[in-house]
Amino acid sequence: MRIFIKGVDTKHIVKDIFISGSKSESNRMLVLQKLFHEITIHNLSDSDDTHHLQHALSSQDIEINIGHAGTAMRFLTAFFATQHKRTTVLSGSERMHQRPIKVLVEALRDLGAEISYIEKEGFPPLKIIGKQLAKNKVQINGNISSQYISALLLIAASLPNGLQVELIGEITSIPYINMTLSLLEQVGVSAAFEDQVIEVKPFKDVKKQSLVVESDWSSASYFYSIVALSTVGSSIRLSSYKKESLQGDAVLAKIYEHFGVETTYEANSVVLRKTIESNKEPLKIDLNKAPDIAQTIAVTCFGLGVSCELLGLHTLKIKETDRLEALHIELTKLGANISVTNTSLHLRTSSIMNANVSIETYNDHRMAMAFAPLAMRVPLEILDAGVVTKSYRNFWKDLQQIGFQINKV
């Protein structure tokens, strides 16, 4: 499906939007629920990734295909490695088979797991023969995807001796590691993170409890961008959010002050208000702890004519696509003066903004959603627009609620 999208005619917006639960929190809670059956979950994400994970966790099939769901691939690799005497063949989409998983597999093998590569060394698909993992110490590089680390932490309390994870070198995406540890503590698992070492005790008694997933801050980023690109006085209320969030992407509230967007917390909602015109000073920010919002910020800056230097983006090379290169190609088509390295993005102000450009999405949900708010400035065509279901099933409907004109082809 491709769509033609045009922004709100008045550029003045006042709207309420409900966003489903965080994909990151939902996926972690689902693994914990499978390990500790006393848990019930409310406000789960409606994303494809979460649906894939739910199906895989409930399936008794030997062969399980998780499509584009990278989080599911990492978490399930660790989970199935602990399922005694169960054999699982874990595969995904063509792109998933190009995304490295060797670091996690090696860590699990160090704990005693039996995992082999079916095709290319270091990449899915995997054959996993579940075993009881008695070892309780492992080392893993801290500067790789935090999902590898979280995958280990989620199974840690189910191991007979718990687990001590030593992180080597600089640590990337600490908020996501802290999210995992906070959820473990919520279900009654004892965990500690000191210096470079995380220690998780084996669970003794997980009490029956109900957990509520906070709505997704990554999804909120697109509405921050819309408000930033709208006129002063515009506002969007998003539910359900809390000020003390476990999600690293909640840093949006602070970052978007640069663009004149004020965030206030009311009950279980956040209200985004355009209070002043955007600051035209260049934005320089290290997104090491929140790389998933880099695409949104880069497009917002381009739309507002603000130069930016976004750092700490090395993990974007191994996402659904090479997101840095994808941003470089698509923003250049729109007229941007942009350059990228393996770890950063540099955007300079440009007087050009080409209309009716076709935006490739590269099987990446965040490419489609990050570029959509730019329709507030120029009409766009978004190719393979259905890719948004990976994380945000109702995205295009919610934009239509706001007043965007969307024609499907």
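Tabulated data
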| read-out | value |
| --- | --- |
| Selection count, the range 224-254, where residues are farther than 21 Å from residue 375 by Cα and open to solvent by 10 Å² or more (accessible area, probe 1.4 Å) | 13 |
| Residue within the range 97-112 that is open to solvent by less than 50 Å² (accessible area, probe 1.4 Å), within 24 Å of the chain's Cα centre (by Cα) and in contact (Cβ under 8 Å) with a residue 60 or more places away in the chain present | yes |
| For residue 302: the one exception among (1) open to solvent by 10 Å² or more (accessible area, probe 1.4 Å); (2) outside any helix (DSSP H, G or I); (3) of a type in the set (Phe, Trp, Tyr) | (2) |
| Among residues of the range 342-356, those that are within 18 Å of residue 7 (Cα to Cα) and buried (at least 19 other Cβ atoms within 10 Å of the Cβ), counted | 0 |
| Residue 309 being part of a loop (DSSP other than H, G, I, E, B), more than 17 Å from residue 366 (Cβ to Cβ) and open to solvent by 20 Å² or more (accessible area, probe 1.4 Å) | no |
| Members of the range 313-341 that are surrounded by 19 or more Cβ atoms within 10 Å (Cβ to Cβ), within 18 Å of the chain's Cα centre (by Cα) and of a type outside the set (Asp, Glu) | 313, 315, 316, 319, 321, 323, 324, 326, 327 |
| Residue match in the range 64-72 (condition: open to solvent by 10 Å² or more (accessible area, probe 1.4 Å), over 23 Å from the mean Cα position of the chain (by Cα), modelled with pLDDT of 90 or more and within 24 Å of residue 391 (Cα to Cα)) | no |
| Search result, residues across the range 52-90 that are part of a helix (DSSP H, G or I) and touching a residue at least 60 places away in the same chain (Cβ under 8 Å) | 70, 71, 74, 75, 77, 78, 79, 81 |
| Residues located in the range 80-96, provided they are of a type outside the set (A, V, I, L, M, F, W, C) and either loosely packed, with under 15 Cβ neighbours inside 10 Å or within 21 Å of the chain's Cα centre (by Cα) (or both) | 84, 85, 86, 87, 91, 92, 93, 94, 95 |
| Matching residues, the range 203-217, being of a type outside the set (A, V, I, L, M, F, W, C), surrounded by fewer than 24 Cβ atoms within 10 Å (Cβ to Cβ) and either touching a Pro at 6+ places or on another chain (Cβ under 8 Å) or at pLDDT 85 or above (or both) | 209, 210, 214 |
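So that you can scan it fast, the table gives a plain yes or no per residue for (1) closer than 23 Å to residue 116 by Cα; (2) hydroxyl-bearing (Ser, Thr, Tyr); (3) open to solvent by less than 40 Å² (accessible area, probe 1.4 Å); (4) touching a residue at least 12 places away in the same chain (Cβ under 8 Å):
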position	(1), (2), (3), (4)
133	yes, no, yes, yes
136	yes, no, no, yes
142	no, no, yes, yes
149	yes, no, yes, yes
157	no, no, yes, yes
164	no, no, no, yes
167	no, no, yes, yes
176	no, yes, yes, yes
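The values are calculated or read from the model by the stated rules, or taken from the named source; none is laboratory data. Predicted model, so just to flag it, every value in this text is computed and none were measured. Using ideal geometry, Cβ is built from the backbone for each residue, glycine included, and neighbour counts are taken over all protein chains shown. Ligands, DNA and RNA are stripped out before the accessible areas are found, and what is left, the full protein with its side chains, is counted by its heavy atoms. Shrake-Rupley method; radii C 1.70, N 1.55, O 1.52, S 1.80 Å.
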